[in-house]
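The values are calculated or read from the model by the stated rules, or taken from the named source; none is laboratory data. If you're wondering where the values come from, they're calculated on a predicted model, not measured in any experiment. All Cβ positions, even for glycine, are placed from backbone atoms using ideal geometry, and neighbour counts span all protein chains on display. Note: accessible area is taken over every heavy atom of the protein model, side chains too, but ligands, DNA and RNA are not part of it. Shrake-Rupley method; radii C 1.70, N 1.55, O 1.52, S 1.80 Å.
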Amino acid sequence: MGVPRPFPGSPGEPDAPVRDREDVDRALARLGAEYEAIETSLLALQDHAGRRLLEGAGLAGTTKERWAAAERSITLLWTLFDAYTAALEQARELRERRRLPSPEDLAELTGLLYGDGVTVPGAGPAAAGDGTPDGPAPGGERFSLDALVERINGLYAQSLDVIVAADAVWSALPARIDLLSAELQRTRSLAHSVGVRPGEHPAGDDLERITDELLRLRERVIADPLAFWVSSSTGSSAPGAGRPDTVRYDRAARALEDIRREVAAVLDVRQDAERRLMQLRDVLSRADRTLTEARQARGEVLAKIAGSEVPAVSGPPTALHEQLAAAADYRRRAQWHRLSPLLDSLEERAEDELLRARESLTAVTAPLAVRAELRGRLDAYRGKLARHGLAEDPLLTERYDLARRMLWSAPCDLRAAEQAVWRYQQAAAEALAVQQREDEGDS
């Protein structure tokens, strides 16, 4: 093959060595494979569904700007590819002249395959859409075939990134928004049937707000899909590396779910309102009866127990009865959205009222309970003494009679009666102890 001879390089560059036949054939095969791959990619890009959508859409914002740049890039891509095709065809025709190329053929092939002799009009940086302020060089830009491939790949990746991202957003968000809007309409219809309407219930106002939000969101997604694209945080340079931004959609979906739960709660109230109202009436009735019993007991305590501090008993829970009447009125008028929170509040407060009434009764009747306990204790000791034959003991009888008069007289002085019972207990314990010692001595 001989020593490679120099061939004329780019202007201002030193001559490069002439490649031999094997190098030339390998380069032609490699560049031919590059050609096939580029052509396939460009045709796929031309037929990409996302590209057709972008061409026919009324775009705005970020997407409008980036698609305009991508369209310029795609136009330039075909210009570069045509130049690449022409240069590769020229090299192939030259190689096919002879089975064994002459030194002159090899020098020319080396220049075609490795030199930067391919001039592409309008292929400067500004035409590539990269935002640089300078326009293309006069007469076009010069490339080697490898440099052409590199430029084509770069422009292709930039253009495909725009197309894939827009297509991914359009494929993901509008359909989801439409499904959520359909669910919103079903929820709105159900909400209106139970009185959850704008201006009457907060959830009704929220429904209107979510409706407006979904309308605006869909319009924005259709016009500016790239505004809803989040590039990959992994640093991937692959076209379309990222995901649709669903933050606004997710927020609307969560808000609608909250409203659905609210409406479901209102529906539950409608289906169970009468039972809950009856239970509330029963609880408040028991509270009223308990308070009445407490007031009666207080009068009895004041009449029968002397020197005791008896707490006052409050009147019936008028406010709760008024609210219960309002709840019944809401039910008659089918104002379920108003009835729901009122029943929840009433159920808790009614139980509290019943508990308070029971505590009041317990506090009022405490002196009577003490008196009953003392009476029981006194009789229990008398019975025990009777079993041991000591019931007729004069001292014990005297102390028993004194304690009994105090406990069965009205008003009863509890402190004095308790002392009397205690003295009777002491005397009984002593008498039982003496009898036990005597029994043990006899044995």
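Using the structure shown, decide if GLU65 is at pLDDT below 90, under 23 Å from TRP229 (Cα atoms), among the charged types (D, E, K, R) and open to solvent by 60 Å² or more (accessible area, probe 1.4 Å). When the stated conditions are applied, GLU65 does not pass them.
LEU354 passes every criterion in (1) modelled with pLDDT of 90 or more; (2) surrounded by fewer than 19 Cβ atoms within 10 Å (Cβ to Cβ); (3) over 32 Å from the mean Cα position of the chain (by Cα) apart from (2). Looking at LEU59, LEU53, LEU76, just one residue is farther than 16 Å from ASP146 by Cβ, outside any helix (DSSP H, G or I) and at pLDDT 80 or above, and that residue is LEU59. Selection of the range 305-348 for residues being polar (S, T, N, Q), in contact with a helix residue (DSSP H, G or I) (Cβ under 6 Å, 6 or more places away or on another chain) and under 20 Å from ALA264 (Cβ atoms) yields only SER340.
Got at least one residue in the range 310-331 being under 30 Å from PRO411 (Cβ atoms), in contact with a Pro (Cβ under 9 Å, 6 or more places away or on another chain) and either surrounded by fewer than 17 Cβ atoms within 10 Å (Cβ to Cβ) or of a type outside the set (S, T, N, Q) (or both)? The answer is yes, given that some residue of the range 310-331 is under 30 Å from PRO411 (Cβ atoms), in contact with a Pro (Cβ under 9 Å, 6 or more places away or on another chain) and either surrounded by fewer than 17 Cβ atoms within 10 Å (Cβ to Cβ) or of a type outside the set (S, T, N, Q) (or both). Restricting ARG275, ARG243, ARG248, ARG260 to those that are open to solvent by 40 Å² or more (accessible area, probe 1.4 Å), without any contact (Cβ under 8 Å) to a residue 40 or more places away in the chain, over 30 Å from ALA325 (Cβ atoms) and not acidic (Asp, Glu) reduces the list to ARG248.
Among the residues making up the range 117-153, those that are open to solvent by 40 Å² or more (accessible area, probe 1.4 Å), modelled with pLDDT of 75 or more and not in a strand (DSSP E or B) are PRO121, ASP146, GLU150, ARG151, ASN153. Only a single item in (1) within 30 Å of HIS337 (Cα to Cα); (2) at pLDDT 90 or above; (3) out of contact with any Leu (no Cβ under 7 Å at 6 or more places or on another chain) is not met by ARG197, and it is number (2).
Close Cβ contacts (under 6 Å, 6 or more residues apart or on different chains) running from residues in the range 196-220 that are open to solvent by less than 90 Å² (accessible area, probe 1.4 Å) and in a loop (DSSP other than H, G, I, E, B) to residues that are acidic (Asp, Glu) and modelled with pLDDT of 95 or more are absent. So is ARG298 part of a helix (DSSP H, G or I), open to solvent by 30 Å² or more (accessible area, probe 1.4 Å) and closer than 30 Å to SER189 by Cα or not? Here the answer is no, as ARG298 does not meet what is asked.
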